[in-house]
Amino acid sequence: MSERKLHVQRVPRFELECGTVLENVRQAYYLDGALNAERDNLVMVFHALTGDADAVGSWWREVFGPGRAIDTDRYAVLSPNLLGSCYGTTGPSDYAVGEFPPVTPRDQARLAGLLVNELGV
(Lines give C-alpha, C1' and ligand atoms only; values in the text may rest on other atoms or scores of the structure.)
Protein backbone atom coordinates (compact mmCIF):
# COMPACT_ATOMS: atom_id res chain seq x y z
CA MET A 1 0.00 0.00 0.00
CA SER A 2 1.31 3.48 -0.83
CA GLU A 3 2.07 5.96 1.92
CA ARG A 4 -1.12 7.16 3.54
CA LYS A 5 -1.81 10.72 4.57
CA LEU A 6 -4.27 12.22 7.03
CA HIS A 7 -6.01 15.02 5.13
CA VAL A 8 -7.83 18.00 6.61
CA GLN A 9 -10.82 19.79 5.14
CA ARG A 10 -11.29 23.37 6.35
CA VAL A 11 -14.79 24.81 6.68
CA PRO A 12 -14.81 28.56 7.39
CA ARG A 13 -18.25 28.60 9.05
CA PHE A 14 -20.44 25.72 10.19
CA GLU A 15 -23.76 26.22 11.97
CA LEU A 16 -24.89 23.44 14.28
CA GLU A 17 -28.53 22.50 14.82
CA CYS A 18 -28.36 24.08 18.27
CA GLY A 19 -27.65 27.44 16.57
CA THR A 20 -24.01 27.70 17.56
CA VAL A 21 -21.70 28.70 14.72
CA LEU A 22 -18.26 27.09 14.67
CA GLU A 23 -15.57 29.06 12.86
CA ASN A 24 -12.63 27.53 10.98
CA VAL A 25 -13.72 23.92 11.46
CA ARG A 26 -11.16 21.23 10.73
CA GLN A 27 -12.37 17.83 9.55
CA ALA A 28 -9.62 15.22 9.44
CA TYR A 29 -10.06 12.28 7.06
CA TYR A 30 -8.35 9.49 5.20
CA LEU A 31 -9.04 8.71 1.57
CA ASP A 32 -7.60 5.33 0.61
CA GLY A 33 -7.73 4.08 -2.94
CA ALA A 34 -8.60 6.38 -5.83
CA LEU A 35 -11.82 7.85 -7.12
CA ASN A 36 -12.49 6.66 -10.65
CA ALA A 37 -13.29 8.98 -13.58
CA GLU A 38 -17.04 8.67 -12.94
CA ARG A 39 -16.45 9.29 -9.21
CA ASP A 40 -18.95 6.57 -8.36
CA ASN A 41 -16.71 4.14 -6.47
CA LEU A 42 -16.70 5.86 -3.07
CA VAL A 43 -17.30 3.87 0.11
CA MET A 44 -17.80 6.06 3.18
CA VAL A 45 -16.96 4.66 6.61
CA PHE A 46 -17.65 6.26 9.99
CA HIS A 47 -15.91 5.30 13.20
CA ALA A 48 -17.10 4.98 16.78
CA LEU A 49 -17.32 8.28 18.64
CA THR A 50 -14.12 7.54 20.57
CA GLY A 51 -12.19 6.30 17.55
CA ASP A 52 -10.07 7.88 14.86
CA ALA A 53 -10.54 8.13 11.09
CA ASP A 54 -8.02 5.41 10.22
CA ALA A 55 -10.30 2.56 9.11
CA VAL A 56 -7.92 1.11 6.52
CA GLY A 57 -4.69 1.36 8.51
CA SER A 58 -6.01 0.60 11.96
CA TRP A 59 -9.32 -0.64 13.24
CA TRP A 60 -10.73 -2.31 10.08
CA ARG A 61 -7.49 -3.21 8.31
CA GLU A 62 -8.68 -6.83 7.98
CA VAL A 63 -11.71 -5.64 5.95
CA PHE A 64 -10.33 -2.70 3.92
CA GLY A 65 -7.29 -2.79 1.64
CA PRO A 66 -5.95 -4.28 -1.58
CA GLY A 67 -7.58 -7.67 -2.21
CA ARG A 68 -9.75 -7.48 0.90
CA ALA A 69 -13.58 -7.38 1.21
CA ILE A 70 -13.57 -3.65 0.46
CA ASP A 71 -10.78 -3.62 -2.10
CA THR A 72 -8.96 -0.28 -2.22
CA ASP A 73 -7.68 -1.19 -5.70
CA ARG A 74 -11.33 -0.97 -6.78
CA TYR A 75 -12.94 1.44 -4.30
CA ALA A 76 -11.98 4.75 -2.76
CA VAL A 77 -12.60 4.53 1.00
CA LEU A 78 -13.38 7.82 2.71
CA SER A 79 -13.23 7.84 6.49
CA PRO A 80 -13.91 11.27 8.03
CA ASN A 81 -13.21 12.00 11.66
CA LEU A 82 -16.27 12.96 13.70
CA LEU A 83 -16.84 16.51 14.87
CA GLY A 84 -15.93 16.73 18.54
CA SER A 85 -13.25 14.04 18.34
CA CYS A 86 -9.71 14.50 19.60
CA TYR A 87 -8.08 13.08 16.45
CA GLY A 88 -7.59 16.19 14.30
CA THR A 89 -11.16 17.40 13.86
CA THR A 90 -12.48 20.43 15.71
CA GLY A 91 -13.56 19.40 19.19
CA PRO A 92 -13.66 20.27 22.88
CA SER A 93 -9.88 20.65 23.10
CA ASP A 94 -10.24 23.71 20.84
CA TYR A 95 -12.49 25.43 23.39
CA ALA A 96 -12.43 26.31 27.05
CA VAL A 97 -13.69 23.56 29.38
CA GLY A 98 -17.46 23.22 29.16
CA GLU A 99 -17.87 25.47 26.11
CA PHE A 100 -18.07 22.96 23.25
CA PRO A 101 -21.68 22.87 22.01
CA PRO A 102 -23.83 19.77 21.55
CA VAL A 103 -23.42 18.06 18.17
CA THR A 104 -26.18 15.98 16.58
CA PRO A 105 -25.97 13.10 14.07
CA ARG A 106 -27.46 15.49 11.49
CA ASP A 107 -24.59 17.93 12.17
CA GLN A 108 -22.13 15.07 11.57
CA ALA A 109 -23.89 14.09 8.33
CA ARG A 110 -23.94 17.67 7.03
CA LEU A 111 -20.22 18.12 7.73
CA ALA A 112 -19.42 14.82 5.98
CA GLY A 113 -21.65 15.96 3.10
CA LEU A 114 -19.53 19.08 2.68
CA LEU A 115 -16.47 16.85 2.37
CA VAL A 116 -18.13 14.62 -0.24
CA ASN A 117 -19.12 17.72 -2.22
CA GLU A 118 -15.58 19.11 -1.98
CA LEU A 119 -14.25 15.83 -3.40
CA GLY A 120 -16.69 16.15 -6.33
CA VAL A 121 -18.62 12.98 -5.59
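Can you send over the carbon and sulfur percentage of the accessible area for segment 4-72, probe radius 1.4 Å, protein chains only?
49 percent
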Item to complete: List the longest stretch of the chain that has no exposed loop site; here a site is one of the trypsin sites (Lys or Arg not before Pro) assigned by DSSP to anything other than H, G, I, E or B, with at most 12 other Cβ within 10 Å.
Response: 40-121
Worksheet entry | Longest segment of the chain lacking GluC sites (Glu not before Pro) that sit in a DSSP loop with at most 12 other Cβ atoms within 10 Å | 63-98
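I'd like to check one number: the per residue accessible area of the chain, probe 1.4 Å, reported in Å² as a whole number. Intermediate results must be reported in sequence, preceding the final value.
Working: 6910 Å² over 121 residues.
The answer is 57 Å² per residue.
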Worksheet item: Looking at [x] 21, 17, 15; [y] 26, 20, 13; [z] 27, 15, 11, which value of semi-axes √(5λ) of the Cα gyration tensor in Å comes from a calculation on the structure shown?
Response: [z]
Practice prompt. Quick one: dipole size for the chain, taken about the Cα centre, charges +1 on Lys/Arg Cβ and -1 on Asp/Glu Cβ, in debye to the nearest 20.
Written response: 80 debye
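The values are calculated or read from the model by the stated rules, or taken from the named source; none is laboratory data. What you see is a predicted model, and the numbers here were worked out from it, not measured in a lab. Positions of Cβ are backbone-derived with ideal geometry, glycine not excepted, and every protein chain shown enters the neighbour counts. The accessibility values were calculated without ligands, DNA or RNA, using every heavy atom of the protein model including side chains. Shrake-Rupley method; radii C 1.70, N 1.55, O 1.52, S 1.80 Å.
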